[in-house]
Every structure is written in C-alpha cells, then in structure tokens.
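Trainee: My questions all concern the structure below.
Values in this text are rule-based calculations from the coordinates and carry no lab data. No experiment lies behind these values; they were computed from the predicted model shown. Cβ sites come from the backbone with ideal geometry, for glycine too, and all protein chains shown count toward neighbours.
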Amino acid sequence: MSIELLAMLGGGLSGFIMRMIAAQAENQAKTVEYMIRKQTKADSSADKAAERGGVWVRRVFVGFILFAVILAPFILSLLNTPVTIETEPRGGLLGLFGIGGSAWQSLDGFVLLPEVRQAMLAIVGFYFGSSQVK
C-alpha cells in the first residue's frame, strides 16, 4: 500500500470519527436543552399549583382530624350520645360463613376509626419530620 493511500484512509477515518463525536455532542446538547425546557415547565406548573390555595385545604383536613381525635371524644362523652355500630356476624361453621346476619350494638362515647388514627399518625409524622429539616 502506498503512503498516499494510507494518508487518504487515515484522513477519512479521522474525519469520520470527528464527525461522529460532533454529532454525539449535538445530540447531548439537544437532550440537555429538552431537559431544561421540561424542568422549566414543571417549575411553572408547581408554582401555579402552589398559588391555588392547597395549603388551606390541607389545614382544614388537619383541623377536622385533630377535632375527631382530640375534641370530639370529650364533647360526646359530656353529651351522653350513644353511637350505634355494626358487630361481626356470628353463625355458620366456626364463624367462617357469615350466616345469621349482622347485629347492632349501642355504645356510649365516640367511636374512633382506625383510618382517623392512621391519618393522625401521618400528620404528626409529617409535621415533626418537616420540623427536623429546618
């Protein structure tokens, strides 16, 4: 092989590699530009959501849950208002089949549902967790 042919092949190969590197850098620049535009849109959407007043809705929910956990049991215990709940159906083979219908039972006081307790735990965890970050 002659030196001219080797120089031509080497030049062609180096030109191909440089063109490939330039195309890859261009693709990466487009990707970064797309990601910046996407983040800008996400930021503007988050700003719009923050302006809608979602804080007050969350505060009302927290107020209702705190009322249900703290104040309602005391208020209802003073009023002697009975609460009627449905008990587990009994009957069937060792209680496996709910034959026999449900029974109703009146209780004095306030029934605190597990969902309300779980919500209270989530609220306490959120507020104490966010206070640790500050």
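Trainee: Hey, what D do you get for the stretch 1-52 in µm²/s if you plug the Kirkwood alpha-carbon radius into Stokes-Einstein at 4 °C and 1.567 mPa s?
Mentor: For these conditions, the coefficient is 89 µm²/s.
Trainee: Can you order the peptides 22-35, 110-123 by their average number of other Cβ atoms within 10 Å per residue, highest first?
Mentor: Descending packing order for the listed peptides: 110-123, 22-35.
Trainee: Sequence neighbours fewer than 8 away in the same chain don't count; with that in mind, list the aspartates and glutamates whose C-alpha is under 12 Å from residue 30.
Mentor: Output for residue 30: empty list, no partners.
Trainee: What is the dipole size for the stretch 1-52, taken about its Cα centre, with +1 at each Lys and Arg Cβ and -1 at each Asp and Glu Cβ, in debye to the nearest 20?
Mentor: Dipole magnitude for the stretch 1-52 comes out near 280 debye.
Trainee: Something else about it: Which length gain, in nm to one decimal place, applies between residue 126 and residue 31 when the Cα-Cα distance is subtracted from 0.36 nm times their residue separation?
Mentor: Additional length available on full extension: 30.6 nm.
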